[in-house]
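Everything below concerns the one structure shown next.
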Amino acid sequence: MMRLATLLLAVFVTTSAACAAPPVTVRAQALVRQHRESDAVVLLRARLRSYPDDLAARKLLVRVLAFAGDVSGARAEVAELFARMPEGSPTPYLELGHALELAHRYDEALDAYDAAAAAAPASPEGPREGGMRCAHWGEADAAKERLEEAVRRGAHDAETWHTLGLVRLKLGDFDGAAGAYREGAAADPERADCWLGLATVAVARGDAQGALDAYDRLLARRPKFAPAELGRAWALAKLGRPDEARKAIDHAEELGAPEANVARQRRALGPGSPE
């Protein structure tokens, strides 16, 4: 259901003035959340009979039909998207991919994302979507190829860089992972996950100072993130600063770090660390 919510809410909806009735797409999404997919389909079809060029409503209809198990109906609506969008637009292929994903037809979904990449060779959307999905499915090599292509085509958002960092890290490419995480942090300085990625790379390399720097950056953005304090404690201990490491462990405990992890790090520091 979380994946459904992500795919359904990805449809762009323009909100009306506060006093106006909610748009059809908003009402249809509410029906889906109530497990009333058939009612959502009726509502969206009625809208499209009057406004056949309402692309947001048609995209949502594609996804609701697929989620309800009507893949043939979803494909028919995708054909309508093809008829109403400029030639070479990746959007119909992307919507088909989302529909097939909701129907758990993952190989066909990836084919649709790759078709989007081929249809619009200057757009990063196709390879980005395919790469993100491959990463989600645990297919690191396939994800790396597509995400790097998306970057070559101009994708520069933090989520793409972060996912590319995860994929490269999984493949043992520490330099490449660190580079992707740095790009992600630059793209969105307030996000914490890329700093966590940089800390993870540093720990894997045994680079205590690099890990400490990254954890400090992370905590500047998420000051109550207990695992980062435990990470700082590990780095401080490796750097020969046990008193500071103990303070970091104490702070992690105050923030709610798991007792077993706290006790393990205290034991590793030796005498002077109360159990």
(request) Only residues in the stretch 49-72 that are at positive phi count as the first member; pair them with residues that are assigned to a loop (DSSP other than H, G, I, E, B), Cβ under 8 angstrom, at least 6 apart or cross-chain, and list the lot. (result) Gly69/Ala103
(request) Go through the stretch 235-252 and give me each residue that's within 16 Å of Asp213 (Cβ to Cβ) and open to solvent by 70 Å² or more (accessible area, probe 1.4 Å). (result) Lys238, Arg241, Glu244
(request) For Arg205, work out the one condition from (1) closer than 12 Å to Leu169 by Cα; (2) in contact with a Gly (Cβ under 6 Å, 6 or more places away or on another chain); (3) surrounded by fewer than 23 Cβ atoms within 10 Å (Cβ to Cβ) it doesn't fulfil. (result) (2)
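Yes/no per residue for (1) modelled with pLDDT of 95 or more; (2) in a helix (DSSP H, G or I):
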position	(1), (2)
Cys194	yes, yes
Leu218	yes, yes
Pro223	yes, no
Leu236	yes, yes
Arg267	no, yes
(message) Can you find a residue that is within 22 Å of Tyr181 (Cα to Cα) and assigned to a loop (DSSP other than H, G, I, E, B) anywhere in the stretch 203-216?
(response) yes
(message) Within the stretch 253-260, does at least one residue satisfy the condition of being modelled with pLDDT of 95 or more, touching a Leu at 6+ places or on another chain (Cβ under 8 Å) and open to solvent by 20 Å² or more (accessible area, probe 1.4 Å)?
(response) no
(message) Consider the stretch 60-75. How many of its residues are within 16 Å of Thr25 (Cβ to Cβ) and open to solvent by 10 Å² or more (accessible area, probe 1.4 Å)?
(response) 1
(request) Can you confirm whether the stretch 5-19 contains a residue that is touching a Pro at 6+ places or on another chain (Cβ under 9 Å), open to solvent by less than 70 Å² (accessible area, probe 1.4 Å), more than 21 Å from Gly130 (Cβ to Cβ) and at pLDDT below 90? (result) yes
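The values are calculated or read from the model by the stated rules, or taken from the named source; none is laboratory data. The shown structure was predicted, so the numbers you read here are calculated from the model rather than taken from an experiment. In this analysis, Cβ positions are derived from the backbone assuming ideal geometry, glycine residues included, and neighbour counts consider all displayed protein chains. Accessible surface is based on the protein model in full, side chains and every heavy atom, while ligands, DNA and RNA are left aside. Shrake-Rupley method; radii C 1.70, N 1.55, O 1.52, S 1.80 Å.
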